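Below is one structure, written out as structure tokens; the observations come after it.
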């Protein structure tokens, strides 16, 4: 009998739990959090998740050092003693404020009083410098206002935007187009993979010769990296020197070989062909395994009852193959929906976004524009779609298995 | 099978031949091109020659010794082997517990593993990138750790199927003799499940070998590029050097070809054991 698990037994699943926790669960929660912030890695003010206002001490300390130094250099240039005392007062004020942050590093939280103090210093200092710039010839007249602005910039406003990211995504045409492309790609490629794969599985199931050879041959496209397959097809589709492009031109599908990857409709067709080429064998193998589980006796019984081959297919094969079909379709649909390597390498989403899927768009947002916040919104949208697809399939599969029992 | 129906038989054979041709043709054409000279590849007629005019190995020499494809192959071997070894270790333990023990939350764990295998990889890439940046782990072989996202669920799934097929009786007697669960697993179950473990190892190895997204984001440094990423950069950098691209493609297909030819039975059993109920 199966044992109850003690503490020792827990050690068995602990390593797997740690890995899933750190590299799957935590990142999903983290991505979800990113969607509520205007989070951009390349923008100093937005390169973190700031629910409330923060203070960038690194920027402040560096700025304060130069502001102090430059202000002191201006002392000889100020002729009016009244102004000189004002300037000295400002320098003292700066020193007093800076003393608080000297030993701090990175981004910290500050109190409202500290913020007020910084802001009022910023206002007086910039007013003073503007005033001086009008009256005197300053050594650093151009740089000082910019530097003083950085004191203000050290206060990082909250970049929490709530649901604005989602609102933006709903009205973003590019998201709509990417969603449409993803659905078209998924539905069309999975449809052809299924039809060809099923046909192939039926043939293989009957074939007396060559099963091993066909299996080995069809495994190779599945086994090579998608990026490599994409590049191979990139060559075959090449507008000037690609043989498939040339063939399509010769057959009259396209007017010019260069149209294959340059016109929106054909670029999508081309990526779908490459995907069908790569994954039909996988589909065929899954379905073949299902076919081989159907007892031969059932066909004999059916033919004794007078059913012809076509009736046998619809009355015996299809119903018994249904679980295998659903599992194969589920895996392939999810894979096609998150397609990335193939399109990224073959077309990069072009021409003009005609083959840009959700994952390619999300990648461009996150790693091209370092906009992690909005990129995560697109990813989350994809996550929801994948969850819906999975739930639908599992529901059908579940009722199907229950019917069987 | 179709007794006496010759035309149907011929049609079947024709379909099989057409399918095999479609599967092999891209490889064949890439292989042919890799031996053509640059001049031939870019001539309006030479590009479509079936037999190269002046066969040359220049493309191979250049890809191997100038473009660092060998380094990428080496990286891929390191990353895929390390991933395979530690994932098999972790997955064996987990799958054994799922197969043999009763514990609370077992269904939650199973559901979780299934869910992880389904969700888009893109969702973990951003946070893992930030994590690796903070820990200074980008551009290192630490990338094998996030590879668990794509390999661990499949590995556990296949192994559970195999462990379930091993009779409990042998373990019961070992337990009577005073063996601990770890001993039972590594002395008895593991050797008995060896074919299943081997199948899992091959599937994990191929999945790790083919990974693209995590490597291109976490290991931007060329020194750590694996085969798929290195190959994709060959295109962006040398958009029109199809000679080198085809030579590189041929080189990196060889390891896959060997694995497939040697282990096709195991691969097929691994692919189908997760999906189809016995």
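GNM, chain B, Cα, under 10 Å: largest mean-square fluctuation among B:180, B:62, B:148? Ranking B:180, B:62, B:148 by mean-square fluctuation puts B:180 first.
Once the chain from residue A:315 to residue A:82 is taken as fully extended at 0.36 nm per residue, the excess over their C-alpha distance is 73.7 nm. Report, in degrees rounded to the nearest 10, the 0 to 90 angle that the Cα long axis of helix B:106-118 makes with the longest principal axis of chain B. In chain B, helix B:106-118 runs at an angle near 10 degrees to the longest axis. Just how far, in whole angstrom, is region A:352-368 from region A:244-279 if you go by their alpha carbon centroids? If you average the Cα positions of each part, the centres end up 21 Å apart.
Rg(Cα) of region B:58-273 divided by 2.2 N^0.38 Å?
This ratio for region B:58-273 stands at 1.18.
If you wrap the tightest convex hull around every Cα atom of region B:1-88 and split its volume per residue, you get 164 Å³.
Placing pseudo-labels 7 Å out from each Cα toward the beta carbon at residue B:187 and residue A:166 gives an inter-label distance of 5.6 nm. Of the Cα atoms belonging to chain A, the radius of gyration and Dmax stand at 32.7, 117 Å. With a Förster radius of 41 Å applied to the beta-carbon distance between residue A:72 and residue A:43, the computed FRET efficiency rounds to 0.80. Just need the Rg to Rh number for region A:163-252, please, alpha carbons only, Kirkwood Rh. Here the Rg-to-Rh quotient is 1.14. A simple spin-label model places the labels of residue B:102 and residue B:172 1.5 nm from each other, with each point 7 Å out along Cα-to-Cβ. Fully extending the segment from residue A:62 to residue A:120, taken as 0.36 nm per residue of separation minus the present Cα-Cα distance, adds 19.0 nm. Between residue A:136 and residue A:250, residue separation times 0.36 nm minus the direct Cα-Cα distance comes to 33.2 nm. Between residue A:394 and residue B:179, the simple label model (points 7 Å from Cα in the Cβ direction) yields a spacing of 3.5 nm. Pick from A:371, A:42, A:308: which is most flexible by mean-square fluctuation in a GNM of chain A where alpha carbon atoms under 10 Å apart are linked? Its mean-square fluctuation being the largest, the pick is A:308.
For region A:35-54 and region B:35-88, compute the distance between their C-alpha centroids and round to whole Å. The two parts, judged by their Cα centres, are 44 Å apart. Taking the Cα atoms of region A:48-184, the ratio Rg/Rh between the radius of gyration and the Kirkwood radius comes to 1.21. Result for chain B in a Gaussian network model with C-alpha springs under 10 Å: among B:154, B:246, B:57, the largest mean-square fluctuation is at B:57.
Looking at the protein assembly as shown alone, DSSP beta bridges between its own residues are antiparallel in about 75 percent of cases.
The mean sequence separation of alpha-carbon pairs under 8 Å and at least six residues apart, normalised by the residue count of region A:293-362, gives a relative contact order of 20 percent. In the protein assembly as shown, inverting the average of 1/r over every pair of distinct C-alpha atoms gives 29.0 Å as the Kirkwood radius. Across region A:172-404, Cα-Cα distances exceeding 25 Å account for 51% of all pairs. From the alpha carbon centroid of region B:130-181 to that of region A:162-219 is 29 Å. Semi-axes of the equivalent ellipsoid of region A:259-348 are 38, 14, 9 Å, computed as sqrt(5λ) over the eigenvalues of the C-alpha gyration tensor in descending order.
Read the figures in this text as sums done on the coordinates, not as results from a lab. Nothing here was measured: the structure is a model prediction, and the numbers come from that model. A quick note on method: Cβ atoms are made from the backbone with ideal geometry, for glycine too, and the neighbour counts reach across all protein chains shown.
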